[in-house]
Each structure stands twice: as structure tokens, then as C-alpha cells.
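Okay, so here's the structure we're looking at.
Here, each number is a calculation from the coordinates, and none is a lab measurement. Nothing here was measured: the structure is a model prediction, and the numbers come from that model. A quick note on method: Cβ atoms are made from the backbone with ideal geometry, for glycine too, and the neighbour counts reach across all protein chains shown.
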Amino acid sequence: MSAENAAAGTAAHLQHHFVDSEQQQESAKLGMWIFLLTEILLFGGLFCFYAIYRAWNPEMFYDAHTHLDITLGAINTVVLITSSVTMALAIRSMQLDQKRATLLNLFATLALASVFLVIKYFEYAHKFELGQLPGKYYTFEGIAGSNPHVFFSVYFMMTGLHGIHVLIGMGVIGWIAYRTSKGHFSGKYYTPIEMTGLYWHLVDLIWIFLFPLLYLIS
Amino acid sequence: MTQPKRAIHILPLQTYLGIGSALLILTVVTVWVATIDLGPINLLVAMIIAAAKASLVALFFMHLKYDNKLYAVILLGALLFLAAFVVFTMFDTMDRGIIDGVRAGPINDQAVIYEQSTSGPTLPPAESVRSDTVLHREISPSE
Amino acid sequence: MSDITHDSYLSSPKGIKSWLLTVDHKRIGIMYFVAIMFFFALAGLLAVILRTELLSPDRVLMDADTYNQFFTLHGAIMIFLFIIPSIPAALGNFVLPLMIGAKDVAFPRLNLASWYIYVAGALIAVFSILQGGVDTGWTFYTPYSTGTNTAVISMTTGVFILGFSSIFTGLNFIVTIHKLRAPGMTWFKMPLMVWGLYATAVIQVLATPVLGITVALLIVERLMGIGIFDPAMGGDPVLYQHFFWFYSHPAVYIMILPGMGIISELIATFSHRRIFGYKAIAYSSLGIALMSFLVWGHHMFTSGQSELAAMLFSFITFFVGIPSGIKIFNWLTTMYKGQISFKTPMLYAISFLVLFTVGGLTGIFLGALSVDIHLHDTYFVVAHFHYVMMGGTVMALLGGIHYWWPKMFGRMYSELWARVACAFVFVGFNMTFFTQFVMGSQGMPRRYYQYGEQFARMHGFSSIGAYVLGFGFLIMFVYLIASLFKGRRVGANPWGSLTMEWETASPPIAHNFDTDKVLEHGPYDYDRIEVTPEDEKGKVTA
Amino acid sequence: MDSTGSFWLPPQSSTMAGEVDALFNFILYVSTVFFAIVVFGVVFFGLRYRRRGKTGLTTSKDHNLFLEIAWTAIPTVLIVIVFFWGFKDYMRMVVTPAYATEVKVTGQKWFWTFDYPEGANAVNELVVPVNQPVKLLMSSTDVIHSFFVPSFRIKMDVLPNRYSMSWFEATREGEYDLYCTEFCGKGHSEMIGSVKVVSDSAYAAWLEASTVFGEGLTLEEYGEQLYTTKACVTCHTLDGKKLEGPTFLGRFGSEIRMSDGSSVLMDENYMRESILNPKAKVADGYQPVMPTFQGILKDRQVDALIAYIKKINQN
């Protein structure tokens, strides 16, 4: 162990192979950003699908998108953005060592995330009922253009994968809230919360692009 | 415990709330703009607003503005490679018919599930949708 | 193994549990090494069976379906379970922290998670054999892969999970190289092996997610028939090929770049000379890594993609070849005015130079649009990628294994048997695959169970070559395992190399270095620093 | 191996084959030169600077601007040449001459069918006139196949639900192999056809003969001819042996069990329906892989086949 570490007494969280906690935090952040890069490319595959199929049948995309509920979409966007704000506040309050405020913000983020999922559930239920489903399950009439089920394939794939990531995010935030309540974090060591925040902001970022592409075509 | 060499960046509360409200305003703007029919540049405007919102979230909420520039490079790198992937794939999908028009689109652009009945698609039995159903309709040789 | 110095990483925490739950990068590297060698043997056996089937134009020992399943398994296991994890995860895991003076990789627990994800993915992929195997080829082209009723789901799920193992290894390496280098080791004082692993990690992280989404969509298409790739449902099979090759071409650079990293180390150490053009080789690695994402269309010249796209991909494909050429010439010039010793690792490095040059040059044939129309999907392509993958990556891997064997296990293998095996491998390889160049340009299509009479002689010769190659690997297996028990004990620096991993004991202690390492000299300062290989202690100066 | 073929390449039998071979040989010579440089370098340096006795300090020369520029610039120039040469020929291979005779090619699981403008159609055997460009308009009915004639140096994937294009102008009469080069399942290596290049007169005669449906032949004789030319032989035998499809011998006029358990009398209309819509009633123990012959076989040809099968079962 380096002399500096031994003298200062290693903090509980510092892993043996790092020189100091600043190096450990920077490494964690770099690792998280690279993981976010892989998430962007994972969703990128679906954005590429969207671009190609929209270019192949533009009128159908326009006509099919009118069957999406723009108000619900907008509400979802507002909900997710506020959850991003509360997540950022949670990190800020842990930086200021305010455990209670952090827990409050974390629970607010969880609540908003579940509101988002509930709205999503209603949208899906509505589509299942109407038969606006991907592929051979598509039984809805009244959309002009060729192969309207392709729009719903793209829609369900993108919002479905995004929904799964929201669920994973809620799980991780719950785990972080549990550890915060256990007092594992402090003003000096809040890296896990910051990483969860980065992940959550990315999930919000992806929805920021999903919303206009799916709901506001013209 | 030794203080990390660079002071932790704690933003004032107003910054977070300010950015949050800016994002909400931009959401309202993008919904409103979508109602006006500007033709092709509508997509462009929607993307610019979305990019603006995205950069707000990235710079302030994800602290890219105050952190090591490497992370910004990683984010931009991801978007760059994604753009390369989409653009090069569209070089193919959009230009298949440049030499000979007949190659531009599929032979039968209506998917098989719509051929069953004139009244519109009915839920087809599972196997008739298999990819090896008859697809090529008779092309008169002169075409 | 009994009397190894008691506190080396191999023996310090005792018991199976300490191995299964280890977070020591060296142990994870050894576990990866054992797994990939097992899969290499399995897929190699499949290859020998395939070559036996091709001994005569019609049926020899199996029918068409079994043959199709065997070549699919040979391809899928070799690529996803052997060659992609082989150098980064097995040798890289072991050597990277040692080379940059770190105690471990940045995220040791993530490293162990990556190992268990690899094992889970491998089990699921291999489970497809029990379900009757997959007969689509390792590329799973639609609509065949969505129509056939073989175990495509379990193989593709396996590949999906293996993708995460690759991403986590890449992520771990990038953070380790950025953050855990010894003080004083700037980016241009790192060994070139670390540059190779860095460029590979960048590709792994950027390309593998797209494989994940492609395979996920294939699974969703097969299970729920949502018709993304199904032409009858408005989808497009050529779009699947775009998605697949967007990952799979960078994947071939995931395979070759770490191999090139090893070759830089071998040529420098065994020529006992400064590496020629350090910056050129380092930038070439990064250049290849970035440009490899723009060339995937050259796998699809005859697939019905637009002529504009074909022209673009062909143009950029040629420029990806340039950095590889620069590296070959730099390695060649490194041997100029060196003191070259022909130990086994150097023999493999030289066979890499020769065989990879053939592989690279035949890539020019396949990059030229009009010639590729004739050569695509023939045995010329089979020979090309075997020359690049086996002649390139596997030769580098064998060189790396023999080079770091004393460091990993503290024992030296028998030099005589190693050279015999190298000779068998080199001769067998060329017999098997050079004939396939000629068959391919004569028009022998790929993945054929039965073929025309005119190719019978060449197929026979190629199959005999495969037996020679297999025999070479058998010898290697024997003397390497024997060296674990009877091999001569070696000290810290048997080859007289200046990179940092030779400054700790072999096999190294659990946390690598006794003191916090600081960089005293560059990795290739053979013109300033005296260092002598162990077997020269007694010799008089030349 | 006549004059135009070489160690590396099959005989040249189309107008484009010459150019493709010229570029192939150019790349071959350049590659051999580079390969020789590398091998000579390795051998010479290996012998000249081999380690003798103890190792000492070695040269510190580790870069040389001239050398590095040379081995970057020269390969770049060479590959640009190869690219433009390849692209020039590629464009000529892709743009079809206007007056080419167009043949519609259909690939399906494990055989090729060709439809001529004059209404003639053939299976697995493409008959073309010599010295005349032939345009191939190709599509597949199931999975991706690939149309490859090594002697003409042409290859193009045959995609389901999409047309793909290729053309050639044969320069020498003769019969050339036609392979499928995109993996398409069990019969991928049996999906071999042939391209028969004949003189103009012979082509006109063949065209005439094939548009006339078995004139001067009894129904059974014409059916026998169709049994081979329409590739029924690849899946159905006459001697009771089970292949991909059921045998024709001894089943006519008897009750046949279907895969869904029902049983059907094998008579004329069952056979007509199985030829035109094979998936309607699939015999027990067989896969529904038979493609439809709807639009390929004219009514008279279906009658001829049924008559022939009845004749087989009578004696």
C-alpha cells in the first residue's frame, strides 16, 4: 500500500489496487461512460431500423403515427424529465451529505418512473385491444400505405427495450436507496449514486429522442 | 480521507431547477412545432430540439461540462459511429434502384398477411406466413 | 506443480473455491486459457471430421444435414468461443496488468463476472448441439435462419450472452489502460501489446452491442414472427446482413489486433532490438480500429446491395489494408541489425509474418469489385480468412503462449518438441489452405457437402494437410502439459526482455509486484540497457 | 484446360471473363512481389543478424522517414489503381446491354427454373445462344440462393421477394456448370444446373421445340420426358425408394395417410392439386418442402405427368 494511503488510513470503500479514492472514482466514471456508449449503440440498432423503414414507407409511418396518443407521450416525456431532475438532486444532496434529502429524491425518482411505466401500460393495453401489433398479430384496419405492421414492430421494439431499461433502472435505484438508508454513502463516497444517476439520465436521453421520432412525425 | 485533488463540483440548486424547466419548455415547443406542417424540415427541427434537450441533460445533469473531457469524447464517439452505421446502410437501402429501377423495391410490397381477404387482413394461420410462400407474381416479359 | 515457490498466485489461496471465486486477473486469465483451449480442440476436431467427409466427392461418413451442422458448429465455436476471447481474455487478462505495472485490472469483480457470463454463454451455445445442432452457418442468414427448425434459438441466445462477456472485458481493459498505468508510463512508453489490447477493446465496446441487438431481433423474429427480416412481411434479408457484418467485420479486427500486439513483443524481444516505428505501429492499431467500422459492405458485394454502396465499401476497404502493410514492414525492419534468436516464439512470429502477408494480400483480390464477383463465397474466401485468422491470430496466440508460458507457470517447455510441432503446424497449414486458394478461384463454392470430380484431387490433398496440422497440435498439447510437471524451472526473465512483466517472479506473486512499480526505462530500450536471456549466462560476448 | 484457362482460373467463356482474369493476374503478380520482399527480408535478416554468443546493445535507429513514406505511398498508389480497375469492370458487369434477351430465373429449394420470353421454360438447364448478351432477372421463392457460373465469372444472389440482375455474353459453345453459392439448406450442394451455349440455329430450334408441348408424343411419353426435365426425379423415385418426396410406384388408386392423420384416395385430382398446391395435403412422414409448379407447368404438361404416373403403376 502506498505510504500516503497507510498514513491516512484506507477508507472502507477503497479497493486495494487503486492508489487513492479519486483514481477509483474516476475509473468508475470512465467505466460507466463506456457502458453508456454500448447502450447508445444497442439502441442505435433500433434507431437505424426506424430510419430505414421510415425511408422505405414514409406515408405509412405518418398515417400510423396518428394512431399514437400524443398527449400520453408528452406526459411521459414530462414525467421522465422530472425524474431526471430528481435524480440529479439526489446526487447533489448526497454530495452535501444530506442523507434524508437523498432518500426523498430517490423515492421521487422511483415514483415518477413507475408513473411512466403505468402510462406505458395503458398505451400498450390500448394497442393490444385495437390489434395494432407487430408482425402477424396485426389485425387493425384503417391505416393507409403498405405493411402498417412494420411501424408497430419498430414502435414495440423501441419502447419495449426502453421500458425494460426503465425497469432495470428502477431496480438499481431501489438498491441504491436501500444502501443509502444503511448509511453506506457519505459526502466523500457517493460514486454508486452518481453511476446510477448517469444510467438514469441516459434512459431519459433515449426517451427524449424516441418521443419526437415516434409521436411527432409529419 | 484525502480530498480528491479536484474540488467536487456541486451545482447550486437553481441550476438544476433552471435546466429542468428549460427541458420542459423545450418539450412543449417540440410538441407545438410538430402541429405546424413545415414539410421535410419538420424532422430536422424535431431533431434539433431533441439534440438541444439531450445536450442540456448531458452537460449539466451528467456533469460533462465539469468533468474530464474524455467522457464527452466517448459520448460523441458513440453518436459518430451510430451515424456512420445508419448513413452507410442507407447508402444501400435508398439507392438499390439507381442502375435498374426494377431493383428499387420489393416485388410484392404488400406483406403476405394482407393478401388473405379483400376485406383487409385477418389473423392468418401460423404456417401460411412462412417465408417460403409463393411470392413472385407473373411478370409479363415485356416489362 | 508441487514445489512451485509457495507464495505464487498459483498456490497462495488454496482450494477449488479460491479459484472459482477469485478476482485475481492472473487466475481468471488461466481459467479463460483452459476454456478456450478446450473449445479450440473441440472445434478443431470438428474441422478434421469435415475434412474427412470432403475426402471424396460423395458421401464418406455423414449425410448433408449432419455436414451442415458440423460446419456451422465449427464456425460458431471457433469464432465466438475461441478466437475472439482467446488473446484479449486469456493472455490479455494475465499480461496486461503486469505490463503496465498495475496490481490488477480496474474492475476485478467485473472481470470475474465476464468469465461466468462467458461460461454461461458457452454452455447455452453448446447446448444447441444436444438439441440437434444448427445448420445455418455461423452467419445465421435470414430468411433461412428464421425458417429452419434447428436449434437456432439456443445458439443465438448463447452468442447474445457471449457478447456481454466481450463487452465487459473490453470495458475493463480500456479503464485499466487509462487509469492504472505505473507512474512515468506515458502513452508512448507502453508496450505495443498494450496498444493492441487497447485498440481491440475499443472495437469490442463499439461493435458488440450491435451484434447483441441483431441477435436479439433474430430471436424475436423466430419466436414471435414479427417479420423484421422476413421478405414476405415487408422486411429485408439484406438488412440483416448489414446489421450482422457491421459487427462481424470489426470482429475480425478484434481477432487480429491483439495478435499484432503479441508479434510486436516477440519480434522486439527475439531480435533484441528497439522496435522500428513505434508510433507508426501504435497509430496503425488505432487507425485499423476506427476504419474497420466503415468497410463491412465488402462481404455483400454480390448480395444485391446497391452499386453505390458496393463502390464505397470497396474504396474504403483498400485503405484499411494500408496500416496492416505498414506494420508488416515495420516488423521486418525491426529485424535489421538485430541479434535474432530462433526460439519457438520467434518461429511463430516469423510464420505469422509470412502467412499473414499471404492472408492480407488475398484480401486485395476480394476487395476489388470485379474479381470479388467471381471469388465471393468460394473456397478462395475460405482460404483467405483461414490464412488471416489461423495464419495470423492463431500463430500469434501460439507465439504468445510459448513466450509467456514460463511467466505463467514458472516452467520451460522442451524446445526441441516445440520446434517439431511448429514445423508440423506450418507445413500442415499450408498444405490444407493453399490448395483451397486454387480450388476457390477455379470455382469451387463454399459450404458444399458434395462437389464435382475436378476438385477431388485438391480436396484430398487439403484433407491430408488437415491431418498433419492436427498432429502438430497434438504434439504441442503433450509437451506443454508435460512441461507443467517436468519442465525446467525458470527465473524472472528467461528471454531477456525489457517489458515490465519480466521484472516480477515467474510465476508472479498474488499482487504482482512487491513495491509500487515506477517506470525506469522504455519497453524496447535494448540500445541503452543491458539484459541477457537466461540461457546465455555462461556464453562469452560475441 | 484449353488456352484461356490457367492454373488459377477456369477457361474464359464470356466477354467479361478476360477483363476479370486480367485484374486477377495483375493483383497476383503484385502480391507475389510483395510476398517475395517479405520472405526475402525475413530470411536475409534472420541469417545475417542471427544471434552469435552473448547479446549486447543494439542499434538505436528506430525510424527512417524515407522508408516509412515509401512503404505507405507505394501500396496506396497500387491499391488505388486496383480499385479503379475493379470498379470499371464492375460497372460493365452491372449495366446490362439494352438489346439482351431476358430470361427470368427463379431459385427455389434446390433447383433452378428458367422462363423465356417466348413462353418456354426449363428446369436446371439454361440454353442460350452464343455471342448474344443474355440478361438474367432473378428472384427466389424461399431462401436466398446465388447464381454462379465460374466460366462466365458472374455471380449474383437470388433474393426472395426482390429482383436481382446479372448478364453475360457467352463467347464459346459448350456446357458450363451453374452452382448455388449462398447456403440454402440440405440440398445446397445438389443445386447444380448447367448453362448450355448453342449456335443461333440450334437455339431457335430448341426454343421452337420447347414452346411446342410434346407434339408427336403420346401423353405418357411426354410425361416421361417432363419427369426428368422438370426435376421431379430429384425428389420422387419410380422404384419405391423413399427420397425427399414419396415414390410414385404402387400408390396410385390407394388410400394414402396424410400428415394431419386424414387419409385421401390418390387419384387424378389429388395429384393435380399436389403438383399445383403441394402444401394443401402433405403425405405422412414427409416435410412440406415441395415448391408449387403453378405457372411453371402448363395444363397439358400436368396431364402428361399424371398419365405417366398412372402408366408406371399399371404394369
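For this structure, a couple of remarks:
- Candidates A:Q95, A:Q23, A:Q132, ranked by Gaussian network fluctuation over chain A, Cα under 10 Å, top entry: A:Q23
- Straight-distance candidates among the aspartates and glutamates for linking to A:K127, with alpha-carbon spacing under 19 Å and chain neighbours fewer than 8 residues away dropped: A:D63, A:D69, A:E141.
- Over 22 Å [Cα-Cα, the range A:105-196], rounded percent: 47
- Amide H contacts under 5 Å for D:S146, placed H, 5+ residues apart: D:V158, D:T181, D:E182
- With kT/(6 pi eta Rh) evaluated at 20 °C and eta = 1.002 mPa s, and Rh the Kirkwood radius from Cα pairs, the range A:33-148 diffuses with a coefficient of 125 µm²/s according to Stokes-Einstein.
- Spatial extent of the range A:157-212: Rg and Dmax, with the Cα atoms as the point set, Å: 13.3, 41
- Rounded Å value of the spacing that divides the Cα centres of the range C:400-417 and the range C:484-506: 9
- For the range C:423-542, the spread of Cα positions along each principal axis, largest first, Å: 66, 37, 34
- Near A:A144: Cβ cut-off under 14 Å, other residues only, Lys/Arg at +1 and Asp/Glu at -1. The net charge is -4.
- Exposure rule at most 13 other beta-carbon atoms within 10 Å, DSSP loop trypsin sites (Lys or Arg not before Pro): chain C longest free segment: C:60-527
- Alpha carbon convex hull of the range D:47-134, projected area averaged over orientations, nm²: 14.2
- Rg/Rg_ref, chain C, where Rg_ref = 2.2 N^0.38 Å and atoms are Cα: 0.95
- Choice from A:H67, A:H149, A:H13 showing the highest fluctuation, given a GNM over chain A with Cα pairs closer than 10 Å: A:H13
- DSSP bridge orientation in the protein assembly as shown - percent antiparallel, rounded to nearest 5: 70
- Most fluctuating residue given options D:F111, D:F66, D:F40, as computed from a GNM of chain D linking Cα atoms under 10 Å: D:F66
- Qualifying trypsin sites (Lys or Arg not before Pro) in the range D:199-260, DSSP loop, other Cβ atoms within 10 Å at most 13: D:K241, D:K242
- In this structure, the pairs whose alpha-carbon distance is over 27 Å, taken from D:K155/D:K281; D:K155/D:K186; D:K104/D:K186; D:K104/D:K242, are D:K155/D:K281; D:K104/D:K242.
- The base-10 log of I(q)/I(0) for the range C:128-255, evaluated at q = 0.12, 0.13, 0.20, 0.23 Å⁻¹, reads -0.54, -0.61, -1.07, -1.29 [Debye formula, identical scatterers on Cα atoms, solvent excluded].
- Note on D:K88: aspartates and glutamates with a C-alpha under 18 Å away, same-chain residues under 8 apart excluded, are B:D100, C:E307, C:D372, D:E19, D:D21, D:E169.
- Rounded to the nearest whole angstrom, the semi-axes of the ellipsoid equivalent to the range C:273-395, taken from the Cα gyration tensor as √(5λ), stand at 31, 17, 10, largest first.
- Inverting the pair-averaged 1/r between distinct Cα atoms of the range D:148-206 gives 13.2 Å as its Kirkwood hydrodynamic radius.
- Rg over Rh for chain D works out to 1.18, using Cα positions for both radii and the Kirkwood form for Rh.
- For the range D:147-264, the C-alpha radius of gyration divided by 2.2 N^0.38 Å, with N the number of residues, is 1.41.
- Highest mean first, the peptides D:187-199, D:144-156 sorted by other C-beta atoms within 10 Å per residue fall in the order D:144-156, D:187-199.
- Distant-in-sequence amide H partners of D:W167 (H built 1.01 Å from N, under 5 Å): D:L136
- The base-10 log of I(q)/I(0) for the range B:68-107, evaluated at q = 0.28 Å⁻¹, reads -0.86 [Debye formula, identical scatterers on Cα atoms, solvent excluded].
- Rg to Rh quotient for the protein assembly as shown, alpha carbon positions, Kirkwood Rh: 0.99
- Filter on A:K182/C:K17; C:K103/C:K189; C:K179/C:K407; C:K517/D:K61; D:K196/D:K279 - keep pairs with C-alpha separation over 22 Å: A:K182/C:K17; C:K179/C:K407; C:K517/D:K61; D:K196/D:K279
- The mean count of C-beta atoms from other chains within 10 Å of the C-beta of residues in D:171-178, rounded to a whole number, is 1.
- Net charge over other residues, Cβ less than 12 angstrom from the Cβ of C:F270 (K, R count +1; D, E count -1): +3
- Checking every one of the trypsin sites (Lys or Arg not before Pro) in the range D:5-108 against DSSP loop status and a limit of 13 other Cβ atoms within 10 Å picks out D:R52, D:K61.
- Annotation: the antiparallel percentage among DSSP beta bridges lying fully within chain D is about 70.
- Between the exposed loop cleavage positions of chain C, defined as GluC sites (Glu not before Pro) in a non-H, G, I, E, B DSSP state with at most 15 neighbouring beta-carbon atoms within 10 angstrom, the longest gap is C:1-519.
- Helix-only mean residue ellipticity at 222 nm for the protein assembly as shown, each DSSP H run of n ≥ 4 adding -39500 (n - 2.57), per residue, nearest 500: -19000 deg cm²/dmol
- One equal scatterer on each Cα of the range D:101-211, no solvent, Debye formula: the resulting log10 I(q)/I(0) at q = 0.17, 0.22, 0.23 Å⁻¹ is -0.74, -1.23, -1.33.
- Extending 7 Å from Cα along the Cβ direction at D:L67 and again at D:V33 yields two label points whose distance is 2.0 nm.
- On the principal axes of its alpha-carbon atoms, chain A has extents of 74, 31, 26 Å, going from largest to smallest.
- Taken over the range D:219-314, the ratio of Cα radius of gyration to 2.2 N^0.38 Å equals 0.99.
- Counting only the Cα atoms, the range B:13-66 fills a convex hull of 55 Å³ per residue.
- Extent of the range D:1-149 along its three principal axes (Cα atoms, max minus min coordinate, largest first): 83, 35, 31 Å.
- Packing here is the average count of other Cβ atoms within 10 Å per residue, and on that basis the peptides C:89-97, C:120-128, highest first, run C:89-97, C:120-128.
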